[in-house]
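A short worksheet on the structure shown next.
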Amino acid sequence: MKKTLFVLAGIILISFAVSAETTAQELALKQLEQQNYTPSQVDSPEATTPFSGDNTGGPTWDRPFTVGTGASGSCSISGAGPVSSETIPFHVDTTGLYTVFSAWTGYDGYLHIYQIAFDPLDQCVNLVALDDDGPGGLADSEIVDVTLTAGVQYYLIASGYGAGDEGPYSGTFNGVGTATLGMVPVELQSFSIE
């Protein structure tokens, strides 16, 4: 009889503890909702990093419109330029798939991603991905599910589709990890020894 009472008392105590924990979590969520809380990168399996800029009067280049094998001269270069551009260095903290989206304000834009280095005079070298028109047509561009490696330096090039296409833009990096704008700190760089 004593053994049954102890087991029953233990079950009741565990029930109260689980109920109190659930109530505390529910209360915390309600408080966050009342503060107009929006989910953060920690709450979501996909992290989001915003970016914005304006390529008006930026450096011009003849942009590629296909990704080749990576060797100089292996991609196709557009005859619609030269186009104004802006270069955004970035890196990611987790290797995996990322989507880069940009909305163009009043013009047709183009996105390119380069790894390790970007040379506007040798446009095919290090070119990883590109996109002209996203889900909104001429108003945006979206590079979907590109594989990026943690510790590698990348460059996002935000440019116009053709000569005279320039202006403000804003967008997001979404993926399995967090994209950070800027150069990769030395302690985070990926190296390969051959």
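Descriptive notes on the structure:
- FRET E, pair Asp119, Ser170, Förster distance 30 Å, beta-carbon r, rounded to 0.05: 0.70
- The label-point distance for Thr180 and Thr66, in a model that sets each label 7 Å from Cα toward Cβ, rounds to 3.8 nm.
- Amide proton proximity set for Val152, modelled H, under 5 Å, gap of 5+: Val92, Ser190
- Each residue of the stretch 152-160 is assigned a 3J(HN,Hα), and the resulting list reads 9, 7, 10, 10, 9, 10, 9, 9, x Hz, derived from the Karplus form 6.51 cos²θ - 1.76 cosθ + 1.60 (θ = phi - 60°), x at Gly and Pro.
- A Förster radius of 22 Å combined with the Cβ-Cβ distance from Ile77 to Thr149 puts the calculated FRET efficiency at roughly 0.25.
- Calculated FRET value between Leu138 and Ser52, using beta carbons and R₀ = 22 Å, to 0.05: 0.70
Only the coordinates and a few stated rules stand behind these numbers; no lab work does. A quick note: this is a predicted structure, and the numbers were derived from the prediction, not measured. Using ideal geometry, Cβ is built from the backbone for each residue, glycine included, and neighbour counts are taken over all protein chains shown.
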